[in-house]
Amino acid sequence: TAPEILKKVAETYQSLKSYQFEAQVVTDSVSDDNESRSRSTRISAAVLPDRRRMENKGGQTGSLRVFDGKTVWEYRPGVNQFARQDQTKYQPPRMNTLSDAADEYKTLDKAEEAKLLREESIEAAGSTRPCWVVEVPSKIRPNGMLLERSPTTYWVDKSTNVVLKETLSNKMKLPIRDT
């Protein structure tokens, strides 16, 4: 069942002592008079409990955050800004563009109303991987700019319980500018 699959996923990510994940992020933006597509790469690596590296390459939000066990280093190449902060006192910025999907996957066992949609094989890491396809309703409610968020769909590798693919959709209202 979907809850059993997500419990195995959460246990897999909770048991990791070290990891390195790389994801291709594709963002499609569609409005009445414009369509665009952007691609970026997200890299997350860790030697737990206190060493991590998160990077977003490409697009306007390119950034790097490194936790070296004592200090958190941040770099934003687009604006050539550096920052450092004591790791024990670190708080992510309010407009946090860096996150580690492993943190989210560790809590998937708490997902409510998850549904097993189907079994499907996908291409990943140079081979065909049999997966369970599980849908989880969004917990985020509309407010401000966010008008609607779709459920998140996860492709979970049957042999490793690792999430190989994730999709979701947001419908947003952009602010209107006076000209």
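The values are calculated or read from the model by the stated rules, or taken from the named source; none is laboratory data. All values derive from a computational prediction rather than experimental measurement. Cβ placement follows ideal geometry from the backbone for every residue including glycine, while neighbour counts extend to all protein chains displayed. To get the accessible areas, we keep the full protein, side chains included, count just its heavy atoms, and leave off ligands, DNA and RNA. Shrake-Rupley method; radii C 1.70, N 1.55, O 1.52, S 1.80 Å.
Points to keep in mind about this one:
Residue-by-condition table, conditions (1) of a type in the set (S, T, Y); (2) in contact with a Lys or Arg (Cβ under 9 Å, 6 or more places away or on another chain):
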residue: T41; (1), (2): yes, yes
residue: R53; (1), (2): no, yes
residue: E74; (1), (2): no, yes
residue: G78; (1), (2): no, no
residue: R84; (1), (2): no, no
residue: D103; (1), (2): no, no
residue: K110; (1), (2): no, no
residue: R118; (1), (2): no, no
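- Only one of S159, S138 that is at pLDDT 95 or above and assigned to a loop (DSSP other than H, G, I, E, B): S159
- Among (1) closer than 24 Å to D109 by Cβ; (2) in a loop (DSSP other than H, G, I, E, B); (3) over 18 Å from the mean Cα position of the chain (by Cα) - the single one D33 does not satisfy: (1)
- Residue selected from the stretch 141-156 under the condition at pLDDT below 80, in a strand (DSSP E or B) and in contact with a Lys or Arg (Cβ under 7 Å, 6 or more places away or on another chain), by the criterion surrounded by the fewest Cβ atoms within 10 Å (Cβ to Cβ): L147
- Taken over the stretch 107-121, the criterion of being under 19 Å from the mean Cα position of the chain (by Cα) and either among the aliphatic types (A, V, I, L, M) or open to solvent by less than 50 Å² (accessible area, probe 1.4 Å) (or both) is satisfied by L108, A111, A114.
- Residue match in the stretch 38-57 (condition: among the hydroxyl-bearing types (S, T, Y) and over 29 Å from Q14 (Cα atoms)): yes
- Residues satisfying the stated conditions in the stretch 1-43, i.e. modelled with pLDDT of 95 or more, open to solvent by 90 Å² or more (accessible area, probe 1.4 Å) and touching an Asp or Glu at 6+ places or on another chain (Cβ under 6 Å): K7
- For first residues located in the stretch 15-37 and of a type in the set (S, T, Y), partners that are at pLDDT 90 or above and lie 6+ apart or on another chain with Cβ distances below 7 Å form the pairs S18/A46; S18/V47; S18/L48; Y19/A45; Y19/A46; Y19/A102.
- Residues being over 30 Å from F67 (Cα atoms) and aliphatic (A, V, I, L, M) - total across the stretch 83-128: 4
- Picking from residues in the stretch 44-71 that are part of a loop (DSSP other than H, G, I, E, B) and under 15 Å from T97 (Cβ atoms), the one that is most open to solvent (accessible area, probe 1.4 Å) is Q60.
- Complete set of residues in the stretch 72-93 that are within 20 Å of the chain's Cα centre (by Cα) and either loosely packed, with under 13 Cβ neighbours inside 10 Å or at pLDDT below 90 (or both): R76, Q91, P92, P93
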